[in-house]
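**Student:** Just passing along the structure, written as structure tokens.
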Ligand code: NAP
Ligand code: 3JN
């Protein structure tokens, strides 16, 4: 993977659940890398990791870490992005930020390449990668919006614990083992590491992802609502969300109800449309019990769609089931895709080309 020509890529949060997937995705996609810099906090600095047969030492992320970097992929939390993202830009890097730090900033494009790749042209150094739950939903909705218009979306999510980081994956594994062995569990992380109460996730479902906003929605739900409108350029779209954590390691699922702007459209028409749409795999055959499930989607950068059916009362209303790997298409995969789009569109400045 490391080439004479290519880009100096930095991964910030390289030891995390998302950062590790970023490194794997860069290799899998044969991203043109001339130099790879892996950054974390002081806790992991000095650790050695092997990437494609080459040993790399994790370094502590500091402003000066970005000297000579062309593309910096950030996934170390919003406060690190706010602190170090602008520093990376000052050093001439383009930042693809996986956190919510800049998503709703009007000067920062929020991009899912299948939906709004052209928004990359307006970037000012930072490009925001949306929330995982938003990404998979807009990939499935965009072809429908383009052909039939879109008026309303009501989504309920069934989210995997990996969305809450490496520590939440460990918590699910340990609780599951403990409960099966008849031992007591002491929840410490979920639903939200810094919140007042923690609840068992093994053999449970928790209707809280992120903290609560004053309006009774959680911040995860508000992210889905606001980000969807921004990415799809539909400020008037009616969107509502309920986000739920399930004892699944990887792969978010969503039940999406939506209303289109056109009469006379059937579920069959939507299946025909989605079967050839970019980034989508249609798995919809009730007769043969074919529908997407997270266990079958892990490791893929696609969005899997099934269970498409008409609402029984609303003629312009439909339901569908959308599943995707939250660490890939929902995070690392979409970020690397953004970096690939930047290269394809010629948006990485000449001076940064090696
Ligand atoms: P994680 O598994 O807990 O990993 C956190 C990473 O951030 C680790 O590499 C950690 O390094 C690093 N880090 C922590 N404090 C740091 C500091 N002060 N300076 C530099 N690096 C620091 O979390 P994750 O699941 O990978 O998620 C990381 C972030 O990605 C989240 O906070 C969120 O903003 C974003 N995210 C986005 C989505 C999405 O929907 N697009 C999904 C999940 C996560 P150490 O090893 O040194 O601790
Ligand atoms: O919980 C999930 O499934 C997705 C979580 C995403 C997340 C976790 C911590 C902080 C985010 C995010 O990307 O929206 C953030 C954040 O950056 O706000």
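**Student:** What number of residues within the stretch 233-248 are surrounded by fewer than 21 Cβ atoms within 10 Å (Cβ to Cβ) and over 24 Å from residue 166 (Cβ atoms)?
**Tutor:** Number satisfying all stated conditions: 8.
**Student:** Every residue in the stretch 301-345 that is within 16 Å of ligand 1 (Cβ to nearest atom) and either more than 24 Å from residue 125 (Cα to Cα) or free of Cβ contacts under 8 Å to residues at least 60 places away in the same chain (or both), please. Walk me through how you get there before you give the answer.
**Tutor:** Residues of the stretch 301-345 that are within 16 Å of ligand 1 (Cβ to nearest atom), as a first pass: 301, 303, 322-339.
Hits for the stretch 301-345 are 301, 303, 322, 323, 324, 325, 326.
**Student:** Now a separate question. Which condition does residue 230 not pass, out of (1) away from ligand 1 (no atom under 16 Å from the Cβ); (2) touching a residue at least 60 places away in the same chain (Cβ under 8 Å); (3) out of contact with any helix residue (DSSP H, G or I) (no Cβ under 6 Å at 6 or more places or on another chain), if it passes all the others?
**Tutor:** (1)
**Student:** Also, I was wondering about something else. Restricting the search to the stretch 9-35, which residues are within 15 Å of ligand 1 (Cβ to nearest atom) and farther than 22 Å from residue 130 by Cβ?
**Tutor:** 15
**Student:** Could you tell me whether any residue of the stretch 117-127 is in a strand (DSSP E or B), touching a residue at least 60 places away in the same chain (Cβ under 8 Å) and under 28 Å from residue 209 (Cβ atoms)? Spell out how you get there, then give the answer.
**Tutor:** Here is the first cut: in the stretch 117-127, the residues in a strand (DSSP E or B) are 126-127.
If we keep only those that are touching a residue at least 60 places away in the same chain (Cβ under 8 Å) too, we end up with 127.
Keeping just the survivors that are under 28 Å from residue 209 (Cβ atoms) gives 127.
Yes, because at least one residue in the stretch 117-127 is in a strand (DSSP E or B), touching a residue at least 60 places away in the same chain (Cβ under 8 Å) and under 28 Å from residue 209 (Cβ atoms).
**Student:** Can I ask one more? For residues that are touching a strand residue (DSSP E or B) at 6+ places or on another chain (Cβ under 6 Å) and over 12 Å from residue 231 (Cα atoms), tally how many sit in the stretch 99-124.
**Tutor:** So the count comes out to 1.
**Student:** Among (1) more than 16 Å from ligand 1 (Cβ to nearest atom); (2) outside any loop (DSSP other than H, G, I, E, B), there is one condition residue 348 misses while meeting the rest; what is its number?
**Tutor:** Of everything listed in (1) more than 16 Å from ligand 1 (Cβ to nearest atom); (2) outside any loop (DSSP other than H, G, I, E, B), residue 348 misses just condition (2).
**Student:** Do the conditions hold for residue 84, that is, is it out of contact with any helix residue (DSSP H, G or I) (no Cβ under 6 Å at 6 or more places or on another chain), in a strand (DSSP E or B) and within 12 Å of ligand 1 (Cβ to nearest atom)? Break it down into steps so the answer makes sense when it comes.
**Tutor:** Working: out of contact with any helix residue (DSSP H, G or I) (no Cβ under 6 Å at 6 or more places or on another chain): yes; in a strand (DSSP E or B): no; within 12 Å of ligand 1 (Cβ to nearest atom): yes.
No; evaluated as a whole, the condition is false for this residue.
**Student:** Take the residues of the stretch 298-324 that are out of contact with any strand residue (DSSP E or B) (no Cβ under 7 Å at 6 or more places or on another chain) and under 17 Å from residue 278 (Cβ atoms): which is surrounded by the fewest Cβ atoms within 10 Å (Cβ to Cβ)? Before you say what the answer is, go through the steps one by one.
**Tutor:** Step one: filter the stretch 298-324 for residues out of contact with any strand residue (DSSP E or B) (no Cβ under 7 Å at 6 or more places or on another chain), giving 298-301, 312-313, 315.
Next cut, under 17 Å from residue 278 (Cβ atoms) only: 300-301.
On the way: 300: 16, 301: 19.
The selected residue is 300.
Values in this text are rule-based calculations from the coordinates and carry no lab data. This one's a predicted model, so the numbers in the text were calculated from it and none came from an experiment. Neighbour counts run over all protein chains shown; Cβ positions are idealised from the backbone, glycine included.
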